[in-house]
1. So which lysines can residue 213 reach, going by Cα to Cα under 29 Å and dropping same-chain residues fewer than 8 places off?
2. Gain in length, residue 231 to residue 50, computed as 0.36 nm per residue apart minus the alpha-carbon separation, to one decimal in nm?
3. By the gyration tensor of its Cα atoms, with a ≥ b ≥ c the square roots of the eigenvalues, what is the shape of the stretch 11-125: rounded for a/c under 1.5, prolate for a/b over b/c, or oblate?
4. List the lysines whose alpha-carbon lies under 26 Å from that of residue 458, not counting same-chain residues fewer than 8 positions away?
5. Could you work out the relative contact order of the stretch 166-345, using alpha carbon pairs under 8 angstrom and six or more residues apart, expressed as a whole percent?
6. Can you grab the distance from the C-alpha centre of the stretch 320-357 to the C-alpha centre of the stretch 66-89, Å, no decimals?
7. Near the amide H of residue 271, under 5 Å away, which other amide H atoms are found, from residues 5 or more places off or on another chain, if H is placed in the peptide plane?
8. For the stretch 166-345, what class follows from the C-alpha gyration tensor (a ≥ b ≥ c being the square roots of its eigenvalues): rounded when a/c is under 1.5, otherwise prolate if a/b is larger than b/c, else oblate?
Amino acid sequence: MPDIVLTTLNAKFIHAAFGLRYLFANLGGLQPRALIAEFDINQRPLEIAEKLLASAPKIIGFGTYIWNVAETTAVIAVIKRVRPEIKIILGGPEVSYETGGQPIVALADYVITGEADFKFAEVCRELLLAVRQNLPKIIPAELPDFSRLVLPYDFYSDADLAHRIVYVEASRGCPFTCEFCLSSLDIPVRQVPLDEFLAAMQKLLDRGLKQFKFVDRTFNLHIATSRTILEFFLARHQPGNFYHFELVPDRLPVELREIIARFPPGALQFEVGVQTFNPEVGQNISRRQDYERMADNFDFLRTQTSIHIHADLIVGLPGETVDSFASGFDRLIALGPQEIQVGILKRLRGTPISRHDAEWQMVYHPQPTYEILQNRLIDFATMQRLRRFAKYWDLVGNSGNFVATAPLIWRRASPFHSFLRFGDWLFTRLGRTDTIALARLAELLFEFLTGELKLEAKSTAETLWRDYQRGGRRDAPEFLREFLSAKAVTRPQAEKSSLPKRQARHSAQY
């Protein structure tokens, strides 16, 4: 039976906990006395507690995040009622700042703030070996030296590699100071020793891993390192391999462009944090970016490569009006990324965005995920409309199910205002933003386009049917059939793609 259980509640089963594996890899001599137990937030707290207690551990370490803190608090409350002698150690970004007053902190025995790769093992040794009994409750962790860290990749199981998202990192930290982001507090940027990192990636490739999700906040910060990593994967690329990177949007010099252009279609996805096109808002949140250079980079990626671009914009930033956000959204649409994530501003613990609370009358939800409710420029009712806009956009604009049909919503008009109108109409019809079957969503989209916008039914139906097949669907929905020719209905099924589903739909040709 283990003395130490490392655990967390993932957002979904498909996510494999990267942080737990780092902690486990660096337990040293305590590793044989420990195990990893992963759950997800959809499991019942009582059942999670039962499974954790079945191992009869002396210490349980919980990875605590914005998405799981409420459920984790419930699990710990049960454990402390049943087995109060078990030492509970918390770590993770949600408990690394503003610990005072947090119910989960009150329940725990110890909280390690910061990067706990070494500190967790140190605290466990002291508790198990009774080195000292007067540990403080809040224990700050020093930044770990990457040259001493044991990398965690051997502790992804074969099942993880086959069925879950596997996270990797070549660096930690961020040189920028964007006030909404916890990464802005992680200074300086630290690199994993490159030879050791590439050797670990080779082992993952040899074990059959196809999809690599890099969590580096600024993968293209150090150009020589970025190029070496890209060249490494290109030289070993096999059909079906997929690599995700987060990029600084205005930093794509020729030496990176040259290697990026050589990747085959669908192999690369770049997550590009734009956040705002309003320079005054950028100044408010301490975010600097060159918009002209960014536009040139987008143009290169869209016209000279087959990269899948996932771009981010944030609703609710201090100083951002609905009109300025609309302008930025329309500008981003024109740049042509396959996906635009419309995020709602969150007031993460420890971030300096709180300095704007008084001036801009920022009001956030008191419970996780701490999303903005209203501010001086956007009232609550409007913020709710924008929140629905974001959710419907993900279903229609980002999903890849309506690649050709979605632009019909904003033909010759503002994409933002046109889609906002569609979102308002859709919410009036449905009264919800989730659990919408794809066939029902397609039918409502067709109704909006032909009824509200008066588009010609036959051509709209043909466009929607082509889109509907992107996910491998072969039977035309009943509401479309009267508008489709027999030839269109019997269109052969496209070849199955080895890409992730959403990216495959975006790249499917009809």
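Since every read-out is calculated from the coordinates, none of them should be taken as a lab result. All of these numbers come straight from a predicted model, not from anything done at the bench. In this analysis, Cβ positions are derived from the backbone assuming ideal geometry, glycine residues included, and neighbour counts consider all displayed protein chains.
1. Cross-link targets: 12, 119, 203, 346, 391, 496, 501.
2. 60.4 nm
3. Rounded shape, in that the Cα axes give a/c under 1.5.
4. The reachable lysines, counting only those whose Cα sits under 26 Å from residue 458, are 487.
5. On the way: 281 pairs, mean separation 34.6, N = 180.
Computed over the stretch 166-345, the figure is 19 percent.
6. 35 Å
7. 245, 246, 247, 310
8. Prolate, because a/c is 1.5 or more and a/b exceeds b/c.
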